[in-house]
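K.L.:
Quick one: structure below, then a few questions.
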Protein chains: 6
Amino acid sequence: MQRIDGRYPDQLRPVQITRRYLKYPEGSALVEVGNTRVLCTAMAEERLPGWMKEGTGGWITAEYSMLPGSTATRKPRESSLGKVGGRTQEIQRLIGRSLRAVCDLSQLGPMTIWIDCDVLQADGGTRTAAITGAFVALADALAALRQRGAISGYPLRSFLAATSVGLVNGEALLDLSFAEDSVAEVDMNLVMTGDGRLVEIQGSAERSPFDRIQFDRLLALGETGISQLIAAQRAALGADAAGIGRRGEEE
Amino acid sequence: MQRIDGRYPDQLRPVQITRRYLKYPEGSALVEVGNTRVLCTAMAEERLPGWMKEGTGGWITAEYSMLPGSTATRKPRESSLGKVGGRTQEIQRLIGRSLRAVCDLSQLGPMTIWIDCDVLQADGGTRTAAITGAFVALADALAALRQRGAISGYPLRSFLAATSVGLVNGEALLDLSFAEDSVAEVDMNLVMTGDGRLVEIQGSAERSPFDRIQFDRLLALGETGISQLIAAQRAALGADAAGIGRRGEEE
Amino acid sequence: MQRIDGRYPDQLRPVQITRRYLKYPEGSALVEVGNTRVLCTAMAEERLPGWMKEGTGGWITAEYSMLPGSTATRKPRESSLGKVGGRTQEIQRLIGRSLRAVCDLSQLGPMTIWIDCDVLQADGGTRTAAITGAFVALADALAALRQRGAISGYPLRSFLAATSVGLVNGEALLDLSFAEDSVAEVDMNLVMTGDGRLVEIQGSAERSPFDRIQFDRLLALGETGISQLIAAQRAALGADAAGIGRRGEEE
Amino acid sequence: MQRIDGRYPDQLRPVQITRRYLKYPEGSALVEVGNTRVLCTAMAEERLPGWMKEGTGGWITAEYSMLPGSTATRKPRESSLGKVGGRTQEIQRLIGRSLRAVCDLSQLGPMTIWIDCDVLQADGGTRTAAITGAFVALADALAALRQRGAISGYPLRSFLAATSVGLVNGEALLDLSFAEDSVAEVDMNLVMTGDGRLVEIQGSAERSPFDRIQFDRLLALGETGISQLIAAQRAALGADAAGIGRRGEEE
Amino acid sequence: MQRIDGRYPDQLRPVQITRRYLKYPEGSALVEVGNTRVLCTAMAEERLPGWMKEGTGGWITAEYSMLPGSTATRKPRESSLGKVGGRTQEIQRLIGRSLRAVCDLSQLGPMTIWIDCDVLQADGGTRTAAITGAFVALADALAALRQRGAISGYPLRSFLAATSVGLVNGEALLDLSFAEDSVAEVDMNLVMTGDGRLVEIQGSAERSPFDRIQFDRLLALGETGISQLIAAQRAALGADAAGIGRRGEEE
Amino acid sequence: MQRIDGRYPDQLRPVQITRRYLKYPEGSALVEVGNTRVLCTAMAEERLPGWMKEGTGGWITAEYSMLPGSTATRKPRESSLGKVGGRTQEIQRLIGRSLRAVCDLSQLGPMTIWIDCDVLQADGGTRTAAITGAFVALADALAALRQRGAISGYPLRSFLAATSVGLVNGEALLDLSFAEDSVAEVDMNLVMTGDGRLVEIQGSAERSPFDRIQFDRLLALGETGISQLIAAQRAALGADAAGIGRRGEEE
């Protein structure tokens, strides 16, 4: 079966990661997965969240937003609506949790790293593209902090990327576009590390419950995609990827 | 290994479901799983959400809240804070999505069924207990609507229950209490149907990523637990469970 | 004349007070007056409100809320509406003021006692039932604080309970149910102490102004009802009621 | 005993009512009671509140606010704080309920009359001054509506005014100034009609509960004050007061 | 050409400034320009805004609001709407910026001076009347602060007043009333000092862009009007105007 | 005198306009002025604002926002803060008013054109860059609407662009960068048409009032800059610019 855009079921859309897209943030990356374009930044603030005690390391938090022009029908601003919607909150919690899972927060010192993911154009998979791009921005920010002496060691324990998989007309597909996503029976987002372990798995039966065999097929597809995304991250970071996974204590 | 409360790794806490706990709602159930107590109600409103068109059936939506006295440290009210938090929104979206997945919405007519889950006492697993209890309240509400002629047919396609599983000190445990949940390396919520298919799976590596073997063990534990929860639902509903899974079209 | 539910004009509905309904709060009570059911808790927080200076004792504040399933037509959540309504604020101010009037706040130390009253089921008189139940929860909380050494002395100066009275078809009735309340010409809430003095009186001519003779009759009915409610509180508290009204200084 | 400002216990502060203070509203009055100054307006809008059905008459609703410069310490604006406080809501509900009690709403037609009470200067008794002034603004607005043919008949059933009474150092005082109010043991607001009947009574034991004898003394003081306030309203309205209390049906 | 109200194109409406209109604020003035009436107050608070560092002087901030009865159609309260609108924010920023431009903030010490401008009646030019009146209230407040020793020196560098000008049917008019403003092709607000320099200029082509010649004519009209307004301020302040423009350092 | 970045006083920063930057909106342009980068979109919605009557044409409204990573210190999201700030509202009102001034709204039909300006990177002059870019997006959107038959005629009456000018150390400068803007004594934003007429002028004395001579010099500088910006717009639009300024009625 060929897909709407001619891809094979196990084929990612073209991926492009533009590092240092902006001049002010410590780290920034424009990630493009097909027509989906997300601008990711990482900025350090020398302050802990209110609920966190000094001396227990730092924190990473994420915010996500869609620009009004990112969708076919204009997306009203959440600032104008006066509140952040449930979907947005769910996504920003997912991004933050995922990045924290591969970062040794105890090495950060009393700082908050703000991850911001702003969707310039949305064609499915914005939350997973956001995670993939935010990882690169975070890596750059940590390198910058290291360079200016704000941290020592290499807090990133491993690479991290994300993709979506789903069942469409009973067939398992990798990296759903918006057109595919809106007719999928099952939709699953996977966040995995460079060594193939799971960080987050969120699967929903949008139309009908799914069984173990279908589930295993989806998981396998996801693994394939994520290893390619991590290769793209590695290429984008080049020599700067060297510290990822190296233990800070060995310094 | 014995658990804090003396349970075996694959043992649920005592489950009790009190149907018709309140007199006004079409369906209501107080569900208790160990010390966790959630009051679930289902109420029909003859109005569709604004975004939904007439003639395409009805809708099910859910709200979740924790009472201030439900936790060891008083939980400030979200009404006083002036906004619904991210965790709450994530949970109410999960509850609504899960119930919609086993209900044929096209049989409902132009109505919204409101599911409300209010946590009276929280000791871990409130969102999964909420789903388990809300299913019973929903079943009763649909029966009541059927009796008064507001719907014909049996919209519930199957039973539905939920539980949590997790890795604590490397060991896979079923139905985490709060004390266990707060030290778990991996935390996963599972929503499944009466015939063992998956509706929702949400797993997070709170502390360290997990591999496929660990994942499979967790999934198996969850299946065991959910089949017991569904047995408890079946017992609570008694003869009224007869219509669940029966096709409305056969009427 | 017999009332809708068969009561005499000066007859309370059946009253039941279940102490220690929840495990976490210092004090908790489920109060039932006829079909009205309110869950009341009292929890101490070691912090004063922002406007209060250290060294001037403690504070008692109250919050009140109706669960969505507590009324015949679903009650939308104030958290979802994004603000606390005028009726709710009026009620929580009344509860807080009433309890503070019988408590010697100077004995409390720098703490806030939070009273939470959540209406599980509403059939008229929820605010007065809340005060009656909250008093029991507060008494238990103060006893717990005393036991753990957080306060010395007995800050409660007297018992406190509340009921409603009203004119329905020109007749003075005690403890209005919802059906009666919605047709009453005059509605009055009374909060009184164990020795028959007034703490709060709030009377409104819903339909037509009332004269002194009618007013005096209502006040007399209220006194009768409140002395019975205080008897119920006394029974619920048992030996633990001993300290109420005893001066802390005599310790 | 003489009071801080030299008044006798049963003496009102000087009262002045300036009708038609503003040019746009149908009715407006600046009411001054001692140093307390409240600007009251009544404006008709040809629309019912959302919850009210056509054909059942009209509605009267009230809003109350204190200007930032009305108090010794600047009063922050509720618009800047982003929400209307509990005290404000309580007061505006009281004003609206009081005026509705003496107005035959069925004569109004499908309109809302908005009462706005803005405190220019506050020296105690702002809510009762607001009611006294709002009545005059409402009478003028109804006359204007009658003149332009929007209503026929005389919807006002009687005069209406309000004052506060209280116990200060055990003595019953009429019309408390701010200095007296802030040390009162008991504070009570009374709203009464021209023929001496009660519309609203709200008494609070701020410091210590009060008995029936004290209560009766306060009520008597209030009656005296209100009859004087109504005389002042009558003087301000002059010939225009003729229709008040006249039955609309007799037209 | 004569204007709607009989004025010449270069004629202001009658101006009246009532100083010390209220008893609590350090400075207050009721300013009337034709039918436009604005109550302006200035109150000192011994606290800096959060973003300002100690030791760098003080701050002046302004708030503006329209009373519901100030306009022909009732103006809904921004407190009830739950947010401060864009027009209001624009105006209060303008008022604050204008006053700060003629005040040496370094002489103020760690305090915030709150300027409040409440429109009692609106007939065009409320923002410029507010600036004109607020200057008088500020002058009085600074004098009061000086008298009680909270500041030394004379922080006001010069007089400051404001007016509007506009093009109506191609003709340049001074001090637009509401009726003129609503049909104007160009609307411009000017804030100027006592020595004729510009502090703020805000011109908008409401209907059609304007050229330099038209612009110059408007500017000249504005200068004429402002010098008359400053004369009115001078008359209102009398001998108290002496310190304005005198250097504080020369003391 | 040379400026920080080596420019002459009357020199613009390099300007680049990328049309059709996004695929969904009817019009979109990425405008870059030096390091300032603003993404502008124009999207048509077939609905009028609530206050506008059918049959009177269409409407253009604008929203503006800064991305968190656009500034040196992270800019907190207004959606997270829960409200749109005063500066933002001022800017979006300015953008909307400016575009409406050169568009014949009566030709639009019952539709709202939403202009969105999102600042990706901020280095001074974001609001004027937004207007310059938004004009291009609007022109493209109107062309698209014309092509699909939603409008006939050419509603744009003329070109429109904007720039800032200011006094820095007494010298008049064109197109201030952020570093210049933050030390400017006077800051002025100018919006002008293709034939050199004024649409908006907003000048503020940030530090000291300014006289007519300084003002005239600033205005002249602005005219120079705007004519260059319009040349850049013309180049970007190419042949599609043909309809601008052509009367729709001649069709």
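Here, each number is a calculation from the coordinates, and none is a lab measurement. Quantities reported herein were computed from a predicted structural model and do not represent experimental measurements. Reconstructed Cβ throughout: ideal geometry from the backbone, glycine too, with neighbour counts over all protein chains shown.
K.L.:
Using a/c under 1.5 as the rounded threshold, could you call the stretch B:128-211 rounded, prolate or oblate? The axes a ≥ b ≥ c are square roots of the C-alpha gyration tensor eigenvalues, and prolate needs a/b larger than b/c, oblate otherwise. Before the final figure, lay out the partial values.
P.N.:
Details: a/c = 4.27, a/b = 2.82, b/c = 1.51.
Taking the square roots of the gyration eigenvalues as a ≥ b ≥ c, the stretch B:128-211 is prolate.
K.L.:
Let me know the Kirkwood hydrodynamic radius for chain B, please, with Cα pairs as the basis and the value in Å to one decimal. Could the numbers behind the result be given before it?
P.N.:
Working: mean 1/r = 0.0540 Å⁻¹.
Roughly 18.5 Å, rounded to one decimal.
K.L.:
Sort E:66, B:192, F:52 by Cβ crowding within 10 Å, fewest neighbours at the top. The partial results should precede the final answer.
P.N.:
On the way: E:66 22, B:192 27, F:52 15.
Taking fewest neighbouring Cβ atoms as first place, the list is F:52, E:66, B:192.
K.L.:
Taking a label point 7 Å from Cα toward Cβ, how far is residue D:246 from its twins in the other copies, in nm, shortest first?
P.N.:
Here residue D:246 shows inter-copy label distances of 6.4, 6.9, 7.1, 7.1, 9.7 nm.
K.L.:
How high is the relative contact order of the stretch E:1-109, in percent, counting Cα pairs under 8 Å that sit 6 or more residues apart?
P.N.:
Numbers: 110 pairs, mean separation 19.8, N = 109.
After rounding, I find 18 percent.
K.L.:
May I pose another question? Taking the C-alpha atoms of the stretch C:96-151, how large are the radius of gyration and the largest Cα-Cα span, Dmax, in Å?
P.N.:
Cα radius of gyration and Dmax of the stretch C:96-151 are 12.7, 40 Å respectively.
K.L.:
Still on this structure, please answer the following. Amide H to amide H under 5 Å from residue C:60: which residues, 5+ apart in sequence or cross-chain, H placed 1.01 Å off N in plane?
P.N.:
C:113
K.L.:
All other residues with a Cβ under 9 Å from the Cβ of residue F:112 taken together, and with Lys, Arg as +1 and Asp, Glu as -1, what is their net charge?
P.N.:
Numbers: positive: F:47; negative: F:45, F:46.
Once all neighbours under 9 Å are counted, the net charge is -1.
K.L.:
What residues have an amide H closer than 5 Å to that of residue B:156, excluding those fewer than 5 places away on the same chain, when H is modeled at 1.01 Å from N in the peptide plane?
P.N.:
Residues meeting the amide H criterion: B:104, B:245.
K.L.:
Given label points at 7 Å from Cα along Cα→Cβ, what nm distances, shortest first, separate residue E:51 from the same residue in every other copy?
P.N.:
2.7, 2.8, 2.8, 3.5, 4.1
K.L.:
How big is the shadow of the Cα convex hull of the stretch D:53-174, averaged over all directions, in nm²? Intermediate results must be reported in sequence, preceding the final value.
P.N.:
Numbers: hull surface 38.9 nm².
Orientation-averaged projected area of the Cα hull: 9.7 nm².
K.L.:
Using helices alone, I'd like the mean residue ellipticity at 222 nm for the protein assembly as shown: each DSSP H run of four-plus residues gives -39500 (n - 2.57), total over residue count, nearest 500. Could you put the intermediate results ahead of the total?
P.N.:
Values: 30 runs with 432 residues, N = 1506.
Using -39500 (n - 2.57) per qualifying helix, the result is -9500 deg cm²/dmol.
K.L.:
Could I ask something else about it? Looking at the stretch D:1-40, what % of the alpha carbon pairs are farther apart than 16 Å?
P.N.:
Numbers: 371 of 780 pairs.
More than 16 Å apart: 48 percent of the Cα pairs in the stretch D:1-40.
K.L.:
Would you mind pulling out the separation of the Cα centroids of the stretch E:168-221 and the stretch A:102-130, in Å?
P.N.:
If we compute the Cα centre of each part, the gap is 50 Å.
K.L.:
Ok, one more. FRET efficiency for residue F:11 and residue B:169, Cβ-Cβ distance as r, R0 = 60 Å, nearest 0.05?
P.N.:
Working: r = 68 Å, r/R0 = 1.13.
It comes to 0.30.
K.L.:
What percent antiparallel are the DSSP beta bridges of the protein assembly as shown, to the nearest 5? Provide the component values of the computation, followed by the final result.
P.N.:
On the way: 267 of 315 bridges.
Beta bridges within the protein assembly as shown, antiparallel portion: roughly 85 percent.
K.L.:
A follow-up question, please. Of the beta bridges DSSP finds with both residues in the stretch F:1-122, what % are antiparallel, to the nearest 5?
P.N.:
70 percent
K.L.:
Report, for residue F:216, each distance to the same residue's label point in the other copies, shortest first and in nm; define the point 7 Å along Cα→Cβ.
P.N.:
0.7, 8.7, 8.8, 8.8, 8.9
K.L.:
If the viscosity is 0.890 mPa s and the temperature 25 °C, what Stokes-Einstein diffusion coefficient in µm²/s follows for the stretch F:1-122 when Rh is the Kirkwood radius over Cα pairs?
P.N.:
On the way: Rh = 16.4 Å.
Reported coefficient: 149 µm²/s.
K.L.:
A further question follows. When only DSSP loop residues count, what trypsin sites (Lys or Arg not before Pro) in the stretch F:126-228 have their Cβ near at most 11 other Cβ atoms within 10 Å?
P.N.:
Values: sites: F:127, F:146, F:148, F:157, F:197, F:207, F:212, F:217; in loops: F:148, F:157, F:197, F:207.
Those that pass, being in a loop and sparsely packed, are F:148.
K.L.:
Continuing with this model, one more query. Among the residues of chain D, which one places its Cβ closest to the rotation axis that maps chain D onto chain F, and what is that distance in whole Å?
P.N.:
Output: D:82, 5.
K.L.:
Is there a quick way to get the dipole size of the stretch C:179-236? I mean about its Cα centre, with the Cβ of Lys and Arg at +1 and of Asp and Glu at -1; what is the value in debye to the nearest 20? Could you put the intermediate results ahead of the total?
P.N.:
Values: 5 positive and 10 negative charges, 46 e Å.
Dipole size: approximately 220 debye.
K.L.:
Evaluate the distance, in nm, between pseudo-label points positioned 7 Å from the Cα of residue E:231 and of residue C:73 along their respective Cα→Cβ axes.
P.N.:
6.4 nm
K.L.:
I'd like the Karplus ³J(HN,Hα) series for the stretch E:155-163: coefficients 6.51, -1.76, 1.60, θ = phi - 60°, whole numbers in Hz, and an x wherever there's a Gly or Pro.
P.N.:
These are the phi-based 3J(HN,Hα) values: x, 6, 7, 6, 5, 8, 8, 9, 8 Hz.
K.L.:
Which of rounded, prolate or oblate describes the protein assembly as shown when judged by the alpha-carbon gyration tensor and an a/c cut-off of 1.5?
P.N.:
Details: a/c = 1.63, a/b = 1.00, b/c = 1.63.
Here the protein assembly as shown falls in the oblate category.
K.L.:
Given a Förster distance of 56 Å, report the FRET efficiency between residue B:4 and residue C:217 from their Cβ-Cβ distance, rounded to the nearest 0.05.
P.N.:
Values: r = 60 Å, r/R0 = 1.07.
That gives a FRET efficiency of 0.40.
K.L.:
Now a separate question. Under 14 Å from the Cβ of residue A:6, count the other residues' Cβ atoms, weight Lys and Arg +1, Asp and Glu -1, and hand me the total. Before the final figure, lay out each step's value.
P.N.:
Working: positive: A:3, A:7, A:13; negative: A:5, A:10, A:175, A:180.
With Lys, Arg at +1 and Asp, Glu at -1, the net is -1.
K.L.:
I'd like the Karplus ³J(HN,Hα) series for the stretch A:232-238: coefficients 6.51, -1.76, 1.60, θ = phi - 60°, whole numbers in Hz, and an x wherever there's a Gly or Pro.
P.N.:
Coupling constants for the stretch A:232-238: 5, 4, 4, 5, 5, 7, x Hz.
K.L.:
Starting from the Cα of residue D:46, move 7 Å in the Cα-to-Cβ direction to define the label point; list residues of the stretch D:89-113 whose amide nitrogen is under 19 Å from there.
P.N.:
D:107-113
K.L.:
Could you give each residue of the stretch A:93-109 its phi-based ³J(HN,Hα) in whole Hz, using Karplus coefficients 6.51, -1.76, 1.60 with θ = phi - 60°, and x for Gly or Pro?
P.N.:
Listing the rounded values in order: 5, 5, 4, x, 4, 5, 5, 4, 5, 10, 10, 7, 5, 5, 7, 7, x Hz.
K.L.:
Right, something else. Using all alpha carbons of the stretch D:42-96, what is the percent of pairwise distances in each 10 Å bin, ordered from the shortest bin to the longest?
P.N.:
All Cα pairs considered, the percentages come to 19, 39, 29, 11, 2.
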